[in-house]
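These notes concern the structure reproduced below.
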Amino acid sequence: MVKAKSWVMTQHFDGFPKKSDFGLKVEELPEPKDGEVLLEAVFLSVDPYMRPFSKTHMKEGDVMIGGQVAKVIQSKNPAFPVGSHVVSDSGWRTHTLSDGTGLTPILSEWPKDVSLSLALGAIGMPGLTAVYGIEDVLGLKEGETLLVNAAAGAVGSVVGQIAKIKGCKVVGSAGSDAKVAYLKELGFDEVFNYKTVGSLEEALRKASPEGYDCFFENVGGPSSDVVLQQMKNFGRIAVCGSISTYNDSQPQTGPYPYFTMIFKELKMEGFLQSRWEHKHPETLKRLLAWVKEGKLQCREHVTKGFENMPAAFMGMLQGENMGKAVVAV
């Protein structure tokens, strides 16, 4: 018998999550049956999507949703031998009994000197999101100008680097001077701290006087309307996230940028990476290849200790992380 710990959502979040919204649960798991495996979490992910999805995909008392890299410690399933590692959507648990459904083995060519935590970041769901947003939604072309906000986050930092690989001008917006410096290290052409610029409109115009072909949207809220005014005609917008609105108790209304969209003939599309699940294996190999070649740099914000999952989650929502936020068990 293994004692498994899990974090549950004791009540739906009202505004910004509080420590009292989470409860730690301990249970004993039975031995695996035929076809089952016992997983032990090594790294766990905290991501912005967990905040809105908690409202639509969870009941009070449910284990918090999320991905993890786990080690197979017992197995009665030949597809997942003891000692192998998988990516799993097991949620905030230290141990999970699984029949193998939904488990993704770590790529066989994964280098020993690359942390498995990247399977939750640049070579995982955030990396997949970046690729599909750039290629399948925006159709970004060489020589175009791309704007990405929340650019120092798990998705935004990968978006900017892939756009540079494709020969584009990249403008990033972030929330601290340290993040601005980090993005310049990654090769972004122009970066600004949106919290300290006097005018977002002026900062955008200074960074790219000719306007923007594409916008990778992670933030939402009123700032998006300012960006739309500076899109080029026939510009494209990929709506990946809206983190500025996730903790609102009351849904925001307006502004309504329809005239801008009509006169500039803009295209705006929301998306989830799961739409292209059939392409995941090939896309993950491309992302890993970019990392191996040094074209894709990956910074992580690592919190140690399963007991610190709620704190890591709340810190990520407040923008404490640079790159991907993960918890090391």
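The values are calculated or read from the model by the stated rules, or taken from the named source; none is laboratory data. Just so it is clear, the model here is predicted, and its values are computed rather than measured. Counting neighbours? That spans all protein chains shown, and the Cβs are built from the backbone with ideal geometry, glycine included. Accessible surface areas use protein heavy atoms only, side chains included; no ligands, DNA or RNA. Shrake-Rupley method; radii C 1.70, N 1.55, O 1.52, S 1.80 Å.
What the table shows:
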item: Of the criteria (1) in a strand (DSSP E or B); (2) without any contact (Cβ under 8 Å) to a residue 40 or more places away in the chain, which one Thr56 fails; result: (1)
item: Single residue of the range 311-329 satisfying the filter (crowded, with 22+ Cβ neighbours inside 10 Å and in contact with a Pro (Cβ under 8 Å, 6 or more places away or on another chain)) that is nearest to Val155 (Cα to Cα); result: Lys324
item: Criterion violated by Pro30 - all others in (1) farther than 12 Å from Pro310 by Cα; (2) without any contact (Cβ under 8 Å) to a residue 12 or more places away in the chain; (3) not aliphatic (A, V, I, L, M) satisfied; result: (2)
item: In the range 59-95, the residues that are small (Gly, Ala, Ser) and either in contact with a Phe, Trp or Tyr (Cβ under 7 Å, 6 or more places away or on another chain) or assigned to a strand (DSSP E or B) (or both); result: Gly66, Ala70, Ser75, Ser88
item: Residue in the range 15-36 that is within 24 Å of Gly124 (Cβ to Cβ), out of contact with any helix residue (DSSP H, G or I) (no Cβ under 9 Å at 6 or more places or on another chain) and of a type in the set (A, V, I, L, M) present; result: no
item: Where a residue in the range 306-329 is closer than 20 Å to Val8 by Cβ and its partner, wherever it lies, is assigned to a helix (DSSP H, G or I) and of a type in the set (Phe, Trp, Tyr), with Cβ under 6 Å and at least six apart; result: Val329/Phe306
item: Every residue from the range 96-118 that is of a type in the set (S, T, N, Q) and open to solvent by 80 Å² or more (accessible area, probe 1.4 Å); result: Thr101, Ser108
item: Filter pass, Val159 being aliphatic (A, V, I, L, M), in a helix (DSSP H, G or I) and open to solvent by 10 Å² or more (accessible area, probe 1.4 Å); result: no
item: Which numbered condition Glu40 fails, given (1) exposed (fewer than 14 other Cβ atoms within 10 Å of the Cβ); (2) assigned to a strand (DSSP E or B); (3) not aliphatic (A, V, I, L, M); result: (1)
